[in-house]
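Below is one structure, written out as structure tokens; the observations come after it.
The values are calculated or read from the model by the stated rules, or taken from the named source; none is laboratory data. Since this is a predicted model, take the numbers as computed values, not measurements. Cβ placement follows ideal geometry from the backbone for every residue including glycine, while neighbour counts extend to all protein chains displayed. SASA here: full protein model, heavy atoms, side chains in, ligands and nucleic acids out. Shrake-Rupley method; radii C 1.70, N 1.55, O 1.52, S 1.80 Å.
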Amino acid sequence: MSKLRFLVLLAALALMLSLPAVASAQEVLPHVFTGTARVNGEFAAPGTEITALINGEEQGSTTVKANGEYEALAVEQGNGTEITFRVGTLTADQTAIWKSGAATMLDLTTSSNSPGP
């Protein structure tokens with residue numbers, strides 16, 4: 001795990017936990033992801049969009065930085081718990097289960113043979 005990614009993940013968690021509570025007693029924190037994205041075995045190009053979906057509805061997105069890294073992909077609660085991911089227009093092989101306030105390192109892989117949306 002790169003130190004930079006770890007520090008970004010810690011900073012995102014600290015920020016989420018330090019925000020003042022809203023009047024609602026049922027505040028739901030997003031599930032935050034960070035990792036790398038690969039397409040056909042190569043790092044995804046900088047600027048490639050990473051999208052998180054629950055039941056086909058977009059719940060968050062971010063873009064790829066250098067060396068295929070993406071960070072601070074905050075996924076809001078959706079109607080369901082299984083999160084699927086797109087790297088550009090391609091569906092990633094990995095999925096995750098949504099958990100309020102969780103932070104997960106998840107490396108995404110896809111190929112040009114993966115089905116799109």
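Carbon-plus-sulfur fraction of the accessible area of the stretch 57-117, 1.4 Å probe, in percent? Provide the component values of the computation, followed by the final result.
Details: 1400 of 3160 Å².
Carbon with sulfur: 45 percent of the solvent-accessible area.
Local charge for Ala96 was computed over the other residues whose Cβ lies under 13 Å away, with Lys and Arg +1 and Asp and Glu -1, and equals -2.
From most to least packed by mean Cβ count within 10 Å, the peptides 47-56, 91-100 give 47-56, 91-100.
For the full complex of protein chains and a 1.4 angstrom probe, list Leu29, Leu108 by accessible area with the highest value first. Don't skip to the answer; put the middle values down first.
Working: Leu29 45, Leu108 0 Å².
Most to least solvent-accessible, the answer reads Leu29, Leu108.
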